[in-house]
Amino acid sequence: MSSFLSNSTLAAPDTYFGIYNELSKYNVHLNLFERLWASWYQFMQNDVLATGIMSFVMHECVYFGRSLPWIIIDRIPYFNKYKIQNQKVPTIAEQWQCTKLVLLSHFTVELPQIWLFHPMAKFCGMDTGVPFPSWQTMAFQIAVFFVLEDAWHYWSHRAMHWGPLYKNIHKIHHQYSAPFGLAAEYASPIEVMALGFGTVGVPILWVSITGQLHVLTMYLWIVFRLFQAIDAHSGYDFPWSLHNFLPFWAGADHHDTHHERFIGNYASSFRWWDYMMDTESGPEAAKRRRERKLAKEGKKVQ
């Protein structure tokens, strides 16, 4: 980033918007967002610090910003008819207790990792400069990340339900049998790192192999992944929920059943792993298993 700006005949203003105005004079080919982005790195004069602050602030704003609508909905009786476990609406005290642990995790577990993200990303070949990649490139890469992360999440989450791992690590996340948005990252530090590897490790592996990934794509991927995780823990299933239009999308009803029954439905975004591995949970899945069992027994009798 610094090398890009050094090629521009910039003066040396000492404010962010001063740098933005100067950079804009000589880089008219950049769009507004690209100029804002380049100005931020030039203003900070420290790429590790610039990426670290931007990453952490983005994560906190998206996580709590997306959780806020669900907190409000929980307090409005009208929406109770869409609540999957409508007898278990989280109290303010429960949500505050959850928030404190999540914040503790963010500052003690995730912040150090975010701080190390820039040097690791640059070492693996991730781009932080401008111009940005095309939206088609970013969309394709994010779609790949969703598929690969879902596979990682399925198997690692399923492993977390093995006796010793569940008892010592994963049980914390299952404190709430009726989940709510804020509880998406309510988990032990070991679980945060293990399951979080799918979100961060998959893009790092991708750029290590292909040499093609921009940190903006990484940010957009994390935003979509946070939305997915928080919505899956929201506890609400609406007629307009995505899984009603994309049958292979997991959604809140898929994950809510996992929390209610403590088993099955291990995948994060999609339903195909649970379908293929016969780990679907809930009354309908149990009914299908009974029907298959009866069909097999019928064939044996014949």
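The values are calculated or read from the model by the stated rules, or taken from the named source; none is laboratory data. It should be emphasised that the depicted structure is a prediction, and the values quoted were computed from it without experimental measurement. All Cβ positions, glycine included, derive from the backbone under ideal geometry; neighbour counts span all protein chains shown. Accessible surface areas use protein heavy atoms only, side chains included; no ligands, DNA or RNA. Shrake-Rupley method; radii C 1.70, N 1.55, O 1.52, S 1.80 Å.
What figure in square angstrom, to the nearest 10, would you give for the accessible area of residue 43 with a 1.4 Å probe?
For residue 43, the solvent-accessible surface is approximately 80 Å².
So if each residue of separation counts as 0.36 nm, and I subtract the Cα-Cα distance between residue 82 and residue 135, what length gain in nm does that give?
Difference between extended and current length: 15.6 nm.
Would you mind giving the three semi-axes, in whole Å and largest first, of the ellipsoid equivalent to region 106-239 according to its Cα gyration tensor?
28, 18, 14
Ordered by residue, what ³J(HN,Hα) values in Hz, to whole numbers, does region 71-78 give under the Karplus form 6.51 cos²θ - 1.76 cosθ + 1.60, where θ = phi - 60° and Gly and Pro are x?
My calculation for region 71-78 gives 4, 5, 4, 4, 9, 9, x, 3 Hz in order.
Cβ under 15 Å from residue 201's Cβ, residue 201 left aside: what net charge do those residues give with Lys, Arg +1 and Asp, Glu -1?
Charge balance in the 15 Å sphere: -3.
Viscosity 0.890 mPa s, temperature 25 °C: Stokes-Einstein D of the chain from its Kirkwood Cα radius, in µm² per second?
It comes out at roughly 114 µm²/s.
Given the whole protein assembly as supplied and a 1.4 Å probe, what does the accessible area of residue 22 come to in Å², nearest 10?
Looks like 30 Å² after rounding.
Relative to the longest principal axis of the chain, what angle (0 to 90°, nearest 10) does the C-alpha long axis of helix 16-26 take?
70 degrees
Identify all aspartates and glutamates with a Cα-Cα distance to residue 287 below 15 Å; exclude those on the same chain that are fewer than 8 residues away in sequence.
Within the straight-line limit of under 15 Å, residue 287 reaches these aspartates and glutamates: 278.
Distance in nm between label sites at residue 21 and residue 165, each 7 Å beyond Cα in the beta-carbon direction?
Each label point is offset 7 Å from its Cα along the Cβ direction, giving 5.7 nm.
How much length is gained on full extension from residue 104 to residue 212, taking 0.36 nm per residue of separation minus their Cα-Cα distance?
Answer, rounded to one decimal: 35.5 nm.
So how do 207, 192, 48 rank on accessible area, 1.4 Å probe, biggest first, that is with the largest at the start?
Per-residue accessible area, sorted high to low, gives 48, 192, 207.
State, to one decimal in nm, how far the label point of residue 96 lies from the label point of residue 72, with both points 7 Å from Cα in the Cβ direction.
Result for the modelled spin labels: 2.1 nm.
Taking +1 at the Cβ of each Lys and Arg and -1 at the Cβ of each Asp and Glu, which of 266, 76, 203 sits farthest along the dipole of the chain towards its positive end, judged by Cα position relative to the Cα centre?
266
Across region 69-169, how large is the tail of the calculated P(r) beyond 17 Å, expressed as a percent of all Cα pairs?
Taking all Cα-Cα pairs of region 69-169, the fraction more than 17 Å apart is 77 percent.
Please list 142, 92 in order of solvent-accessible area, largest first, computed with a 1.4 Å probe with all protein chains present.
From most accessible down to least: 92, 142.
Take 166, 63 and sort them by solvent-accessible surface of the protein heavy atoms, 1.4 Å probe, largest at the top.
166, 63
Starting from the Cα of residue 25, draw a straight line to each of the aspartates and glutamates and keep only those under 14 Å, dropping any in the same chain fewer than 8 residues away.
Output for residue 25: 34.
For region 159-302, what is the convex hull volume of its Cα atoms per residue in Å³?
163 Å³
Work out the length of the dipole vector of the chain about its Cα centre, built from +1 on the beta-carbon of each Lys and Arg and -1 on the beta-carbon of each Asp and Glu, and round it to the nearest 20 debye.
Its charge dipole is roughly 1180 debye.
Fully extended, how many nm does the chain gain between residue 237 and residue 205 (0.36 nm per residue separation, minus their Cα-Cα distance)?
Value of the extension gain: 8.1 nm.
With label points built 7 Å along Cα→Cβ from the Cα atoms of residue 148 and residue 291, find their separation and express it in nm.
So the two model labels end up 3.7 nm from each other.
Using a 1.4 Å probe on the protein chains only, how many percent of the accessible area of region 223-302 belongs to carbon and sulfur?
62 percent
Expressed as an acute angle from 0 to 90° and rounded to the nearest 10, what is the orientation of the C-alpha long axis of helix 92-105 relative to the principal long axis of the chain?
The helix 92-105 is inclined about 50 degrees to the chain.
Taking a 30 Å limit on the Cα-Cα distance, which of the listed pairs 167/296; 81/293; 83/171; 88/167 fall beyond it?
167/296; 81/293
With every protein chain kept in place and ligands, DNA and RNA left out, what is the accessible area per residue of the chain? Probe 1.4 Å, answer in Å².
52 Å²
In degrees between 0 and 90, to the nearest 10, how far off the longest principal axis of the chain does helix 251-261 point, with axes built from Cα atoms?
So the helix axis and the longest Cα principal axis differ by about 50 degrees.
Using a 1.4 Å probe, how large is the accessible area of residue 249, given in Å² and rounded to the nearest 10?
For residue 249, solvent-accessible area is about 40 Å².
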